[in-house]
1. Would you pick out the residues in the stretch 47-59 that are assigned to a loop (DSSP other than H, G, I, E, B) and surrounded by 11 or more Cβ atoms within 10 Å (Cβ to Cβ)?
2. Restricting to the stretch 1-40, count the residues that are touching a helix residue (DSSP H, G or I) at 6+ places or on another chain (Cβ under 8 Å) and at pLDDT below 65.
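The values are calculated or read from the model by the stated rules, or taken from the named source; none is laboratory data. Not measured: the values here are computed from a predicted model. Cβ atoms come from the backbone with ideal geometry, glycine included; neighbour counts cover every protein chain shown.
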């Protein structure tokens, strides 16, 4: 039979739990978006362009271009 405990009760018992933990948020870098395909050196300024290139060619590796 399974035992149900709250996050506070689990902490009191010394059990590590992730209940109530904050979700991780993915953030994007500020500034212009520039990436380059590793396979064919095509440059992209939008993520949607990368997605279209992936669908068309199957190239999966992109590098961020830093100024």
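1. Initially, the stretch 47-59 is screened for residues assigned to a loop (DSSP other than H, G, I, E, B), giving 58-59.
Once the filter is applied, which keeps residues that are assigned to a loop (DSSP other than H, G, I, E, B) and surrounded by 11 or more Cβ atoms within 10 Å (Cβ to Cβ), the stretch 47-59 yields only 59.
2. Summing the residues that are touching a helix residue (DSSP H, G or I) at 6+ places or on another chain (Cβ under 8 Å) and at pLDDT below 65 in the stretch 1-40 gives 3.
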